[in-house]
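Notes for the one structure printed next.
What follows is calculated from the coordinates using simple rules that are stated; it is not laboratory data. Just so it is clear, the model here is predicted, and its values are computed rather than measured. For neighbour counting, all protein chains shown are included, and Cβ atoms are generated from backbone atoms with ideal geometry for every residue, glycine included.
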Amino acid sequence: MRYADGPGAQREIRIAGDPARVWETVADVEAMAGWSPELVRVEWRDGATGPAVGASYVGHNEHPVIGSWRTIAHFTAYEPGSALTWCVLDLDGRYGEATQDPDRRMATWSFALLPDPGGVLLRQSVTVGPGPCGLTGYIESAPEQEEAIIAFRLDELGKGMEATLGGIKEAVEQRRRG
C-alpha cells in the first residue's frame, strides 16, 4: 500500500429508519462535529448553509497527537437521498503549499445511502491524497515504514467513521422511537 496509489477505507452500518430521515441527518454537516473524533466545528463559507456542489466550509479539527488544524471541505457531489462527496484541502499550508485546488486534495470523503430492507445501508469512505497531508511528513522521514504508517492512519480513520456512522444511526433510530 503506497500513498501514491490513493489508499482508502470504508465502513458501513444498517440503519432502521426512513431513508429521507437518514439523508437529512447525513446532510446535517454541522452535526458531524458531534460524532467525529477529529472534526470539532464547521464554519460555512461564501454564504453556504449546507452541502451542495461547489459549497464549502472550513473544518476545525483536533487530534491528540498532531494537534489542531483547519481544512477546507469542498463539495464535489450532492445527490439528495443518495450520495454526498467532498474533498479536503490544506487551507493553511500545514502540510505543504496552502491550496484550494481539488487536484491537490488531502483526502476525499463520501457517504452513500443504499436501499436496505427496513431502512438504509449507509456507507462512509475516505481516499487519502493525492496532495500532501499529515501522512506525507511521516512517510518522508521513514519511507521504509510507508505501508505501516498508512495502515495505522487508515485504521484511525476507520474508527472515526464507525463513531460517525454510529452517531447518525443513533440520531435516526432514536427519533424513530420518539
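Remarks
- When you filter the GluC sites (Glu not before Pro) in the range 1-101 for DSSP loop state and at most 15 other Cβ atoms inside 10 Å of their Cβ, you are left with Glu97.
- Label point distance in nm, Ser36-Asp5, each placed 7 Å from Cα along Cα→Cβ: 2.7
- Fewest-first ordering of Met32, Met161 by other beta carbons within 10 Å of each residue's beta carbon gives Met32, Met161.
- Summing +1 for each Lys or Arg and -1 for each Asp or Glu among the other residues whose beta-carbon sits under 12 angstrom from that of Arg104 gives -3.
- Placing a label point 7 Å from the Cα of Leu91 along the Cα-to-Cβ direction, the residues of the range 17-44 with a backbone N closer than 12 Å are 40-44.
- MRE, 222 nm, helices only [DSSP H, n ≥ 4, -39500 (n - 2.57), over the chain, to nearest 500]: -10000 deg cm²/dmol
- With the simple spin-label model, which puts each label point 7 Å out from Cα in the Cβ direction, the His60 to Glu43 separation comes to 0.7 nm.
- Gain in span if fully extended, Asp155 to Ala98, counting 0.36 nm per residue against the direct Cα distance: 17.9 nm
- Across the range 40-53, computed HN-Hα scalar couplings (Karplus, 6.51 cos²θ - 1.76 cosθ + 1.60, θ = phi - 60°) run 10, 7, 10, 10, 4, 10, 6, x, 5, 10, x, x, 6, 4 Hz from first to last residue, x flagging Gly and Pro.
- Taking amide hydrogens as placed 1.01 Å from N in the peptide plane, the amide H of Ala107 sits under 5 Å from those of Val88, Gly129, each at least 5 positions away in sequence or on another chain.
- Within the listed set Gly17, Gly158, Gly137, the Gaussian network model of the chain (springs between alpha-carbon atoms below 10 Å) gives the highest mean-square fluctuation for Gly137.
- Cα coordinate range in the range 1-83, projected on the principal axes (Å, largest first): 38, 35, 24
- Comparing Val65, Phe111, Gly166 along the charge dipole axis of the range 3-177, the residue lying farthest to the positive side is Gly166, per the Cβ-charge model.
- Listing Trp44, Trp23 from fewest to most neighbouring C-beta atoms within 10 Å gives Trp44, Trp23.
- In this simple spin-label model, placing a label point 7 Å from the Cα along the Cα-to-Cβ direction at both Glu170 and Val53 gives a separation of 3.5 nm.
- For q = 0.10, 0.18 Å⁻¹, Debye-computed log10 I/I(0) when each Cα of the chain counts as one equal scatterer: -0.39, -1.20
- When the Gaussian network model of the chain links Cα atoms closer than 10 Å, the mean-square fluctuations of Ala27, Ala52, Ala148 top out at Ala148.
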